[in-house]
Amino acid sequence: MSQSITIRRPDDWHLHLRDGAMMQTVLPETARHFARAIIMPNLVPPVVTAEDALAYRDRIDAALPDGADFTPLMTLYLTEQTDPDDVQAAFADGLIHAVKLYPAGATTNSQSGVRDFKNVRHVLEKMAEIGLPLCIHGEVTTHDVDIFDREQVFLETVLDPLRRDIPELKVTLEHITTSHGIDYVREASGDIAGTITTHHLMINRNHMLVGGIRPHYYCLPIVKRAEHQKALRAAATSGNPRFFLGTDSAPHLDGAKETACGCAGVFSAPNTMSCLAQVFEEEGALDKLEAFASLNGPARYGLAPNEATITLEKRDAPCTYPAKYDTPDGPLTLFDPGTPLHWHVL
Ligand code: DOR
Ligand code: ZN
(Lines give C-alpha, C1' and ligand atoms only; values in the text may rest on other atoms or scores of the structure.)
(Ligands and ions follow the chains in the order given, each with its own letter.)
Protein backbone atom coordinates (compact mmCIF):
# COMPACT_ATOMS: atom_id res chain seq x y z
CA MET A 1 0.00 0.00 0.00
CA SER A 2 1.34 3.41 -0.85
CA GLN A 3 1.69 5.92 1.91
CA SER A 4 0.59 9.51 1.44
CA ILE A 5 0.50 12.73 3.36
CA THR A 6 -1.54 15.86 2.69
CA ILE A 7 -0.42 19.16 4.13
CA ARG A 8 -1.29 22.77 3.59
CA ARG A 9 0.59 24.26 0.66
CA PRO A 10 4.09 25.20 1.80
CA ASP A 11 5.88 28.55 1.65
CA ASP A 12 9.59 29.22 1.23
CA TRP A 13 10.90 31.80 3.68
CA HIS A 14 14.24 32.31 1.90
CA LEU A 15 14.51 32.13 -1.88
CA HIS A 16 16.77 33.50 -4.62
CA LEU A 17 14.82 34.01 -7.83
CA ARG A 18 17.48 36.10 -9.63
CA ASP A 19 16.25 38.03 -12.68
CA GLY A 20 15.90 37.79 -16.45
CA ALA A 21 16.49 34.42 -18.12
CA MET A 22 17.47 32.63 -14.91
CA MET A 23 14.27 33.77 -13.20
CA GLN A 24 12.24 32.51 -16.19
CA THR A 25 13.75 29.06 -15.61
CA VAL A 26 13.53 28.81 -11.82
CA LEU A 27 10.33 30.70 -10.95
CA PRO A 28 7.92 28.06 -12.33
CA GLU A 29 9.72 25.43 -10.24
CA THR A 30 9.02 27.28 -7.00
CA ALA A 31 5.50 28.29 -8.03
CA ARG A 32 4.62 24.66 -8.72
CA HIS A 33 4.80 23.67 -5.05
CA PHE A 34 5.01 26.86 -3.01
CA ALA A 35 2.32 29.49 -2.49
CA ARG A 36 4.59 32.27 -1.26
CA ALA A 37 8.27 32.99 -0.83
CA ILE A 38 10.44 35.60 0.82
CA ILE A 39 12.45 36.91 -2.12
CA MET A 40 16.10 37.68 -1.50
CA PRO A 41 17.21 41.12 -2.68
CA ASN A 42 20.84 40.35 -3.61
CA LEU A 43 20.53 41.18 -7.29
CA VAL A 44 23.20 43.19 -9.07
CA PRO A 45 22.56 46.01 -8.28
CA PRO A 46 20.67 45.04 -5.10
CA VAL A 47 17.03 45.76 -4.28
CA VAL A 48 17.58 48.65 -1.90
CA THR A 49 14.59 50.97 -2.12
CA ALA A 50 10.83 50.53 -2.18
CA GLU A 51 10.94 51.58 -5.82
CA ASP A 52 13.45 48.80 -6.59
CA ALA A 53 11.25 46.24 -4.78
CA LEU A 54 8.13 47.32 -6.64
CA ALA A 55 9.87 47.04 -10.00
CA TYR A 56 11.30 43.63 -9.09
CA ARG A 57 7.91 42.37 -7.92
CA ASP A 58 6.42 43.47 -11.24
CA ARG A 59 9.11 41.54 -13.12
CA ILE A 60 8.39 38.44 -11.02
CA ASP A 61 4.64 38.73 -11.59
CA ALA A 62 5.24 39.12 -15.33
CA ALA A 63 7.43 35.99 -15.40
CA LEU A 64 4.90 33.77 -13.63
CA PRO A 65 3.34 31.02 -15.75
CA ASP A 66 -0.34 31.52 -16.59
CA GLY A 67 -2.58 30.32 -13.80
CA ALA A 68 0.22 30.08 -11.23
CA ASP A 69 -0.87 30.75 -7.66
CA PHE A 70 2.24 32.32 -6.21
CA THR A 71 2.84 35.50 -4.23
CA PRO A 72 6.35 36.93 -3.91
CA LEU A 73 6.99 38.50 -0.51
CA MET A 74 9.52 41.23 -1.14
CA THR A 75 12.47 42.31 0.98
CA LEU A 76 14.89 45.22 0.95
CA TYR A 77 18.66 44.90 1.08
CA LEU A 78 19.96 46.85 4.06
CA THR A 79 22.79 49.24 3.27
CA GLU A 80 24.43 51.94 5.32
CA GLN A 81 22.51 54.44 3.15
CA THR A 82 19.06 52.88 3.70
CA ASP A 83 16.41 55.49 4.47
CA PRO A 84 14.19 54.40 7.42
CA ASP A 85 11.25 56.38 6.06
CA ASP A 86 11.41 54.51 2.76
CA VAL A 87 11.48 51.21 4.67
CA GLN A 88 8.56 52.24 6.84
CA ALA A 89 6.46 53.32 3.84
CA ALA A 90 7.21 50.08 1.95
CA PHE A 91 6.10 48.04 4.96
CA ALA A 92 2.97 50.15 5.52
CA ASP A 93 2.03 49.64 1.85
CA GLY A 94 2.32 45.87 2.27
CA LEU A 95 5.08 45.82 -0.34
CA ILE A 96 7.83 44.38 1.87
CA HIS A 97 7.74 41.72 4.58
CA ALA A 98 11.33 41.88 5.82
CA VAL A 99 14.66 43.63 5.47
CA LYS A 100 17.76 41.57 4.73
CA LEU A 101 21.05 42.13 6.47
CA TYR A 102 24.20 40.89 4.78
CA PRO A 103 27.44 41.62 6.60
CA ALA A 104 29.55 43.14 3.79
CA GLY A 105 31.53 40.45 2.00
CA ALA A 106 29.76 37.51 3.63
CA THR A 107 28.43 35.94 0.45
CA THR A 108 27.26 36.35 -3.16
CA ASN A 109 26.57 40.01 -3.96
CA SER A 110 26.99 41.20 -0.40
CA GLN A 111 29.48 43.99 -1.17
CA SER A 112 26.83 46.65 -0.50
CA GLY A 113 26.00 45.13 2.90
CA VAL A 114 26.70 46.44 6.36
CA ARG A 115 30.27 47.18 7.47
CA ASP A 116 29.58 49.13 10.65
CA PHE A 117 26.38 48.37 12.57
CA LYS A 118 26.41 51.88 14.05
CA ASN A 119 25.49 53.15 10.61
CA VAL A 120 22.23 51.14 10.43
CA ARG A 121 21.14 51.43 14.05
CA HIS A 122 18.51 54.07 13.25
CA VAL A 123 17.00 51.78 10.59
CA LEU A 124 16.92 48.82 12.98
CA GLU A 125 15.29 50.97 15.66
CA LYS A 126 12.60 51.99 13.21
CA MET A 127 12.05 48.36 12.26
CA ALA A 128 11.72 47.37 15.91
CA GLU A 129 9.17 50.14 16.39
CA ILE A 130 7.00 49.08 13.44
CA GLY A 131 7.44 45.29 13.87
CA LEU A 132 9.24 44.65 10.59
CA PRO A 133 11.39 41.48 10.72
CA LEU A 134 15.12 41.55 10.03
CA CYS A 135 16.43 38.52 8.14
CA ILE A 136 20.09 38.00 8.95
CA HIS A 137 22.87 36.23 7.11
CA GLY A 138 24.62 35.27 10.33
CA GLU A 139 28.32 35.01 9.57
CA VAL A 140 31.24 37.21 10.47
CA THR A 141 33.49 38.15 7.60
CA THR A 142 36.77 38.79 9.39
CA HIS A 143 39.55 36.92 7.67
CA ASP A 144 41.06 35.56 10.85
CA VAL A 145 37.89 33.57 11.64
CA ASP A 146 37.79 30.11 10.10
CA ILE A 147 34.99 29.67 7.57
CA PHE A 148 33.52 26.78 9.60
CA ASP A 149 33.35 28.97 12.73
CA ARG A 150 31.84 32.08 11.20
CA GLU A 151 28.26 31.40 12.27
CA GLN A 152 29.17 30.58 15.85
CA VAL A 153 31.36 33.68 16.19
CA PHE A 154 28.60 35.83 14.68
CA LEU A 155 26.16 34.70 17.36
CA GLU A 156 28.50 35.71 20.14
CA THR A 157 30.06 38.86 18.76
CA VAL A 158 27.32 40.39 16.61
CA LEU A 159 23.85 38.90 17.01
CA ASP A 160 23.59 38.69 20.76
CA PRO A 161 24.98 42.21 21.39
CA LEU A 162 22.70 43.57 18.65
CA ARG A 163 19.61 41.94 20.16
CA ARG A 164 20.54 43.20 23.63
CA ASP A 165 20.93 46.67 22.20
CA ILE A 166 17.55 46.60 20.37
CA PRO A 167 15.54 43.92 22.22
CA GLU A 168 12.28 44.67 20.40
CA LEU A 169 13.76 43.84 16.99
CA LYS A 170 12.15 40.80 15.33
CA VAL A 171 15.01 38.67 14.02
CA THR A 172 15.09 35.70 11.69
CA LEU A 173 18.45 33.95 11.77
CA GLU A 174 18.58 32.50 8.29
CA HIS A 175 19.92 29.19 7.03
CA ILE A 176 21.14 27.96 10.41
CA THR A 177 23.98 25.49 9.94
CA THR A 178 25.29 24.73 13.42
CA SER A 179 24.09 23.35 16.72
CA HIS A 180 25.18 26.70 18.18
CA GLY A 181 22.70 28.53 15.94
CA ILE A 182 19.97 26.05 16.83
CA ASP A 183 20.65 26.40 20.56
CA TYR A 184 20.68 30.17 20.31
CA VAL A 185 17.35 30.38 18.49
CA ARG A 186 15.73 27.78 20.71
CA GLU A 187 16.84 29.34 23.98
CA ALA A 188 17.16 33.07 23.44
CA SER A 189 14.59 35.33 24.99
CA GLY A 190 12.69 37.78 22.84
CA ASP A 191 11.47 37.70 19.30
CA ILE A 192 13.67 35.35 17.34
CA ALA A 193 13.17 32.54 14.84
CA GLY A 194 15.35 30.68 12.38
CA THR A 195 15.13 29.11 8.95
CA ILE A 196 16.75 25.86 7.89
CA THR A 197 17.53 24.85 4.31
CA THR A 198 16.75 21.57 2.62
CA HIS A 199 20.34 20.85 1.72
CA HIS A 200 21.70 21.47 5.22
CA LEU A 201 19.25 18.82 6.44
CA MET A 202 20.50 16.33 3.86
CA ILE A 203 24.24 16.79 3.60
CA ASN A 204 27.24 17.55 5.76
CA ARG A 205 30.78 18.52 4.85
CA ASN A 206 31.81 14.94 4.19
CA HIS A 207 29.31 14.78 1.35
CA MET A 208 30.96 17.86 -0.14
CA LEU A 209 34.60 16.89 0.32
CA VAL A 210 35.17 13.13 0.70
CA GLY A 211 36.16 11.31 -2.47
CA GLY A 212 36.37 14.51 -4.50
CA ILE A 213 35.14 18.07 -4.24
CA ARG A 214 31.50 18.56 -5.19
CA PRO A 215 31.00 22.17 -6.18
CA HIS A 216 27.21 21.87 -6.31
CA TYR A 217 27.22 21.32 -2.54
CA TYR A 218 29.20 24.50 -1.91
CA CYS A 219 27.04 27.17 -0.32
CA LEU A 220 27.22 29.77 2.40
CA PRO A 221 27.08 29.32 5.27
CA ILE A 222 29.15 26.28 4.34
CA VAL A 223 27.89 22.82 5.31
CA LYS A 224 29.34 21.71 8.64
CA ARG A 225 30.13 18.46 10.50
CA ALA A 226 27.59 15.64 10.74
CA GLU A 227 26.87 16.48 14.38
CA HIS A 228 25.56 19.89 13.29
CA GLN A 229 23.44 18.32 10.58
CA LYS A 230 21.95 16.13 13.31
CA ALA A 231 21.07 19.17 15.39
CA LEU A 232 19.41 20.81 12.37
CA ARG A 233 17.35 17.69 11.70
CA ALA A 234 16.26 17.50 15.32
CA ALA A 235 15.20 21.16 15.33
CA ALA A 236 13.38 21.03 11.99
CA THR A 237 11.42 17.93 12.93
CA SER A 238 10.68 19.07 16.49
CA GLY A 239 7.62 21.13 15.62
CA ASN A 240 9.09 24.08 17.58
CA PRO A 241 7.42 27.15 16.01
CA ARG A 242 10.72 29.04 15.99
CA PHE A 243 12.04 26.85 13.16
CA PHE A 244 10.72 26.77 9.62
CA LEU A 245 11.72 26.21 6.01
CA GLY A 246 13.82 28.64 4.02
CA THR A 247 15.27 26.65 1.13
CA ASP A 248 17.90 29.23 0.17
CA SER A 249 17.51 27.76 -3.30
CA ALA A 250 20.22 29.79 -5.05
CA PRO A 251 20.75 28.97 -8.72
CA HIS A 252 24.07 29.58 -10.44
CA LEU A 253 24.92 28.39 -13.95
CA ASP A 254 27.13 25.30 -14.08
CA GLY A 255 29.89 27.40 -15.59
CA ALA A 256 29.98 29.53 -12.43
CA LYS A 257 29.95 26.50 -10.10
CA GLU A 258 32.32 24.12 -11.89
CA THR A 259 35.35 26.34 -12.04
CA ALA A 260 38.53 27.15 -10.12
CA CYS A 261 36.68 29.65 -7.94
CA GLY A 262 33.07 28.53 -7.86
CA CYS A 263 30.04 30.46 -6.60
CA ALA A 264 28.18 29.55 -3.43
CA GLY A 265 24.62 28.34 -3.84
CA VAL A 266 22.52 25.18 -4.12
CA PHE A 267 19.50 25.03 -6.44
CA SER A 268 16.91 22.96 -4.60
CA ALA A 269 13.50 24.44 -5.40
CA PRO A 270 12.18 21.63 -7.65
CA ASN A 271 12.87 18.65 -5.37
CA THR A 272 12.74 20.28 -1.94
CA MET A 273 9.38 18.83 -0.91
CA SER A 274 10.44 15.30 -1.88
CA CYS A 275 13.68 15.75 0.06
CA LEU A 276 11.89 17.08 3.13
CA ALA A 277 9.35 14.26 3.21
CA GLN A 278 12.25 11.82 3.13
CA VAL A 279 14.09 13.60 5.97
CA PHE A 280 10.97 13.81 8.12
CA GLU A 281 10.17 10.16 7.47
CA GLU A 282 13.71 9.14 8.41
CA GLU A 283 13.35 11.09 11.63
CA GLY A 284 9.98 9.48 12.36
CA ALA A 285 8.34 12.89 12.20
CA LEU A 286 6.18 13.07 9.08
CA ASP A 287 3.48 14.54 11.29
CA LYS A 288 5.74 17.58 11.84
CA LEU A 289 6.37 18.31 8.15
CA GLU A 290 3.36 20.60 7.88
CA ALA A 291 4.49 22.70 10.85
CA PHE A 292 7.96 23.15 9.37
CA ALA A 293 6.97 23.81 5.76
CA SER A 294 3.50 25.34 5.98
CA LEU A 295 2.53 26.62 9.44
CA ASN A 296 5.41 28.03 11.49
CA GLY A 297 6.56 30.48 8.80
CA PRO A 298 3.22 32.21 8.21
CA ALA A 299 2.61 32.40 11.97
CA ARG A 300 5.95 34.12 12.38
CA TYR A 301 5.21 36.63 9.61
CA GLY A 302 1.68 37.34 10.82
CA LEU A 303 0.06 35.71 7.79
CA ALA A 304 -2.61 33.02 7.57
CA PRO A 305 -1.46 29.58 6.46
CA ASN A 306 -2.46 28.62 2.92
CA GLU A 307 -5.92 27.12 2.44
CA ALA A 308 -4.86 24.94 -0.48
CA THR A 309 -3.09 21.64 0.15
CA ILE A 310 -0.51 19.44 -1.51
CA THR A 311 -0.27 15.69 -1.29
CA LEU A 312 2.93 13.67 -1.28
CA GLU A 313 2.82 9.97 -2.02
CA LYS A 314 5.56 7.46 -1.33
CA ARG A 315 6.07 5.11 -4.25
CA ASP A 316 8.48 2.29 -4.99
CA ALA A 317 9.54 4.03 -8.17
CA PRO A 318 11.84 6.95 -7.41
CA CYS A 319 11.03 10.51 -8.48
CA THR A 320 12.47 11.55 -11.83
CA TYR A 321 13.53 15.13 -11.34
CA PRO A 322 15.84 16.30 -14.12
CA ALA A 323 19.51 16.40 -13.14
CA LYS A 324 19.87 19.69 -15.02
CA TYR A 325 17.71 22.52 -16.27
CA ASP A 326 18.46 24.35 -19.50
CA THR A 327 18.60 28.11 -19.36
CA PRO A 328 19.30 30.32 -22.37
CA ASP A 329 22.72 30.99 -20.83
CA GLY A 330 23.67 27.39 -20.10
CA PRO A 331 22.81 24.45 -17.85
CA LEU A 332 21.84 24.67 -14.19
CA THR A 333 22.31 21.66 -11.91
CA LEU A 334 19.62 20.57 -9.46
CA PHE A 335 20.53 19.65 -5.88
CA ASP A 336 21.39 15.94 -5.82
CA PRO A 337 20.53 14.53 -2.39
CA GLY A 338 22.74 11.52 -3.18
CA THR A 339 19.95 9.05 -2.62
CA PRO A 340 16.80 8.21 -4.59
CA LEU A 341 13.73 10.15 -3.55
CA HIS A 342 10.47 8.25 -3.24
CA TRP A 343 8.04 10.93 -2.10
CA HIS A 344 6.25 12.22 -5.17
CA VAL A 345 4.41 15.52 -5.08
CA LEU A 346 1.07 14.83 -6.74
O1 DOR B 1 25.06 29.83 -0.86
C2 DOR B 1 24.58 30.96 -0.92
N3 DOR B 1 24.17 31.47 -2.09
N4 DOR B 1 24.50 31.68 0.19
C5 DOR B 1 24.13 32.96 0.18
O6 DOR B 1 24.08 33.56 1.22
C7 DOR B 1 23.83 33.64 -1.10
C8 DOR B 1 23.43 32.68 -2.13
C9 DOR B 1 23.42 33.27 -3.52
O10 DOR B 1 22.87 34.35 -3.72
O11 DOR B 1 23.93 32.62 -4.43
ZN1 ZN C 1 20.36 33.01 0.52
Under a straight-distance cross-link criterion of Cα-Cα below 17 Å, which lysines are reachable from residue 314, leaving out those fewer than 8 residues away in the same chain?
288
Using a 1.4 Å probe on the protein heavy atoms only, what accessible surface does residue 126 show? Give it in Å² to the nearest 10.
40
What are the lysines whose alpha-carbon lies under 23 Å from the alpha-carbon of residue 100, with same-chain residues fewer than 8 places away excluded?
118, 126, 170
Enter the accessible area of residue 205 (Å², nearest 10), with the probe set to 1.4 Å and all protein chains included.
60
Can you pull the Rg over Rh of region 300-346, Cα-only, Kirkwood?
1.13
Could you do me a favour and compute the accessible area per residue for the chain, 1.4 Å probe, result in Å²?
40
Cut-off 20 Å, label 7 Å out along Cα→Cβ of residue 282, residues of region 1-31 by amide N
3-5
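Can you tell me the FRET efficiency between residue 2 and residue 157 if r is taken as the Cβ-Cβ distance and R0 is 41 Å, rounded to the nearest 0.05? Walk me through the intermediate numbers first.
Working: r = 50 Å, r/R0 = 1.22.
The pair residue 2/residue 157 has a calculated efficiency of 0.25.
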The chain: most fluctuating residue of 292, 91, 244 per GNM, C-alpha cutoff 10 Å:
91
Over 39 Å apart: what share of the alpha carbon pairs of the chain falls there, rounded to a whole percent?
7
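Carbon and sulfur: what percent of region 27-96's accessible surface (1.4 Å probe)? Spell out each step's value before the answer.
Details: 1400 of 2880 Å².
Whole-percent figure for carbon plus sulfur exposure: 49.
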Using only Cα atoms, figure out Rg for region 139-220 and give it as a multiple of 2.2 N^0.38 Å.
1.22
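Which of the trypsin sites (Lys or Arg not before Pro) across region 239-312 are loop residues per DSSP, with 14 or fewer other Cβ within 10 Å?
Details: sites: 242, 257, 288, 300; in loops: 242.
Hits after loop and neighbour filter: nothing returned.
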Report the residue, chosen from 233, 59, 150, that carries the largest GNM mean-square fluctuation when the chain is represented by alpha-carbon nodes joined by springs under 10 Å.
59
Taking a cut-off of 19 Å between Cα atoms, list the lysines near residue 257, but don't count ones fewer than 8 places away on the same chain.
324
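Quick one: work out the % antiparallel among DSSP beta bridges in the chain, nearest 5.
Values: 13 of 37 bridges.
Here the share of antiparallel DSSP bridges comes out near 35 percent.
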Per residue, how much space in cubic angstrom lies within the convex hull of the C-alpha atoms of region 2-77?
101
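Please give the length that would be gained between residue 44 and residue 149 if that part of the chain were fully extended, namely 0.36 nm times their separation in residues minus their C-alpha to C-alpha distance (nm, one decimal). Write down the numbers at each step before the final one.
Numbers: separation 105, 0.36 × 105 = 37.80 nm, distance 2.79 nm.
Once the chain is fully extended between residue 44 and residue 149, it gains 35.0 nm.
Is there a quick way to get the dipole size of the chain? I mean about its Cα centre, with the Cβ of Lys and Arg at +1 and of Asp and Glu at -1; what is the value in debye to the nearest 20? If you can, show how the numbers build up before the last one.
Numbers: 30 positive and 46 negative charges, 133 e Å.
For this selection, approximately 640 debye.
The values are calculated or read from the model by the stated rules, or taken from the named source; none is laboratory data. As the structure is a computational prediction, the values presented were derived from the model and not from experiment. All Cβ positions, glycine included, derive from the backbone under ideal geometry; neighbour counts span all protein chains shown. The accessibility values were calculated without ligands, DNA or RNA, using every heavy atom of the protein model including side chains. Shrake-Rupley method; radii C 1.70, N 1.55, O 1.52, S 1.80 Å.
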